[in-house]
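Enquirer: Structure below; questions to follow.
The values are calculated or read from the model by the stated rules, or taken from the named source; none is laboratory data. Computed from a predicted structure; not experimentally measured. So basically every Cβ, Gly included, is an ideal-geometry build from the backbone, and we count neighbours across all protein chains shown. Accessible surface areas use protein heavy atoms only, side chains included; no ligands, DNA or RNA. Shrake-Rupley method; radii C 1.70, N 1.55, O 1.52, S 1.80 Å.
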Amino acid sequence: MAQLPERMSTADLAQVVEGIRTTVRRHSTRFERAIPLIASENLLSPYAKELLVSDLHSRYAEGLPGERYYEGNEQVDEVENLCLDLARRLFRCSFADVRPTSGTVANLAVLKALAEPGDLVATSRLADGAHISSAGFGAFGLRGVKPLYYPWDPERMTLDVAKTREVLRAVRPKLCLFGLSLFLFPMPIDELRPTLEEIGAVGWYDGAHVLGLIAGGEFQDPLHEGAQVLSASTHKTLPGPQHGILLGELKSEETAKRLQAGAFPGVTSNHHLNAMAALAVSLAEHLAFGRDYARQVVRNAQALAQALHERGFDVLAPELGFTRSHTIAVRVGREGGGEDVALRLSRAGIITNKNLLPGDKSPKHPQGIRLGSPEVTRVGMREKEMVAIAELFDDLLHKGKDPAAVAEAAWALKRDFTTLQYCFGAGEAAYRYYDLVGRDPA
Ligand SMILES: *Cc1c(COP(=O)(O)O)cnc(C)c1O
């Protein structure tokens, strides 16, 4: 670990800056050569990336378009109005707010708008796949709401509808959150809609992971199945900038006002205008290419699961086809446990994460790893490459092949995929998607 001395000259500090630049380049090269399988990560298109480093990065625009607190926002307003329009079109809904600066911030805005401290909010357990937003030490705790957990069906990796109906009728929470970070199968909101209506609860969907699949028509359509509000990150299966979004099919103008006030001034001041503009580009690109992208993302996840299963890996939910999303879960107790396996994979050029599986108690020593297809699909890989990746897993974790040799093979597989797909402008000569700012630093 780099340690800075107590006193530093200007020359020392200049060296520190050079060091940081070099380290980030090393990071980029490492990812360029790796097989990146983190389910929540993706790559930004060149035009979106360009806007991230535009002058918008230096500006403030509090409030809504046309109702700002500072001058100089005319062009920002134009872009934000387009961004809102593109969002409503892509998700076929009437409400959008693009000011939350991340998925967690979007969740906090919803909690601020639709819950009071002390309320019970229905959600899933972390070990059943929920995000830390639902935890007492996360956004739920910050707002002071208490989780009411859905009864879970670990075989089907989704909530148990009959038991959930009983619990909801008995406890009558006013807000019910659906959505996961280990999100293999759609949530049965449609089936629960009558119960939500009966108890007068608002259905809230956290689509951080599956936003791009929803938009591409590949997963489920929560806002038309009974959820009123959808919060999400915009950088997972939707390959946009790191940012957040609120979408809705709301029953009242008052709810819209509450959500807007939740976003600002509730949980943001400025909303990262550079990221907002990059999001507008990403939404337009997803309208153009999102259906093809989402379809291939799901096909690749299923192909990877099948190929791992055939090589003796314990991929969850085999009877259900492993997954209907971008994510698969693998129980790796036999291979050494989630922590050890994720570390060994990373040393062999395959980036994954350890992950809790149903029944797990310790977040540091879980039984599973989580794998996702968004990034490898974005660079153009298809089913054939998923089989090759499964071979790398088998070589490393079952056949004892040297990690350095596996890393070489991973780079040999990756080096043919130099052009980003499903976006505009990626064919431009200077654009290399793993570089610092989208331009070759050399
Ligand atoms: C990733 C994630 C979030 C929040 O993500 P940010 O990193 O804050 O954008 C929220 N909910 C779920 C289900 C997630 O998976």
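Enquirer: Residue pairs, Cβ under 6 Å, 6 or more apart or interchain, first in the stretch 20-36 and within 17 Å of Ala405 (Cα to Cα), second of a type in the set (Val, Ile, Thr) and in a helix (DSSP H, G or I). List them.
Expert: Pairs that qualify, where the first residue is within 17 Å of Ala405 (Cα to Cα) and the partner is of a type in the set (Val, Ile, Thr) and in a helix (DSSP H, G or I), are Ile35/Ile389.
Enquirer: Next up: Taking the stated definitions as given, is Arg26 assigned by TED's automatic domain parsing to the domain that holds His271 and charged (D, E, K, R)?
Expert: No.
Let's see how each residue does on (1) outside the structural domain of Asp221 (by TED's automatic domain parsing); (2) more than 17 Å from Ser181 (Cβ to Cβ); (3) open to solvent by 30 Å² or more (accessible area, probe 1.4 Å):
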| residue | (1), (2), (3) |
| --- | --- |
| Phe91 | no, yes, no |
| Asp97 | no, yes, no |
| Leu108 | no, no, yes |
| Lys112 | no, yes, yes |
| Ala135 | no, no, no |
| Phe140 | no, no, no |
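Enquirer: Across the stretch 97-143, what is the total count of residues that are modelled with pLDDT of 95 or more and among the aromatic types (Phe, Trp, Tyr)?
Expert: Summing the residues that are modelled with pLDDT of 95 or more and among the aromatic types (Phe, Trp, Tyr) in the stretch 97-143 gives 1.
Enquirer: Against the conditions (1) within 15 Å of Glu225 (Cβ to Cβ); (2) without any contact (Cβ under 8 Å) to a residue 24 or more places away in the chain; (3) among the charged types (D, E, K, R), where does Glu166 fall short? Just the number, please.
Expert: Among (1) within 15 Å of Glu225 (Cβ to Cβ); (2) without any contact (Cβ under 8 Å) to a residue 24 or more places away in the chain; (3) among the charged types (D, E, K, R), the lone unmet condition for Glu166 is (1).
Enquirer: Give just the number: which of (1) open to solvent by 10 Å² or more (accessible area, probe 1.4 Å); (2) within 16 Å of the ligand (Cβ to nearest atom); (3) among the aromatic types (Phe, Trp, Tyr) does Phe289 not satisfy?
Expert: Answer for Phe289: the failing condition is (2).
Enquirer: Continuing with this model, one more query. Being more than 26 Å from Phe219 (Cβ to Cβ), touching a Lys or Arg at 6+ places or on another chain (Cβ under 6 Å), assigned by TED's automatic domain parsing to the domain that holds Val315 and not β-branched (Val, Ile, Thr) narrows it down to one residue among Glu335, Glu339; which is it?
Expert: Glu339 is the lone residue from the list that is more than 26 Å from Phe219 (Cβ to Cβ), touching a Lys or Arg at 6+ places or on another chain (Cβ under 6 Å), assigned by TED's automatic domain parsing to the domain that holds Val315 and not β-branched (Val, Ile, Thr).
Enquirer: Moving to a separate point now. Listed residues Leu82, Leu86; which is assigned by TED's automatic domain parsing to the domain that holds Gly138, surrounded by fewer than 22 Cβ atoms within 10 Å (Cβ to Cβ), closer than 29 Å to His131 by Cα and within 27 Å of the chain's Cα centre (by Cα)? Give the steps one after another, and end with the answer.
Expert: Details: Leu82 fails: closer than 29 Å to His131 by Cα.
After applying the criteria, what remains is Leu86.
Enquirer: I would also like to ask the following. Looking for something under 14 Å from the mean Cα position of the chain (by Cα) and aromatic (Phe, Trp, Tyr) - is there at least one such residue anywhere in the stretch 276-296?
Expert: No, that holds for no residue.
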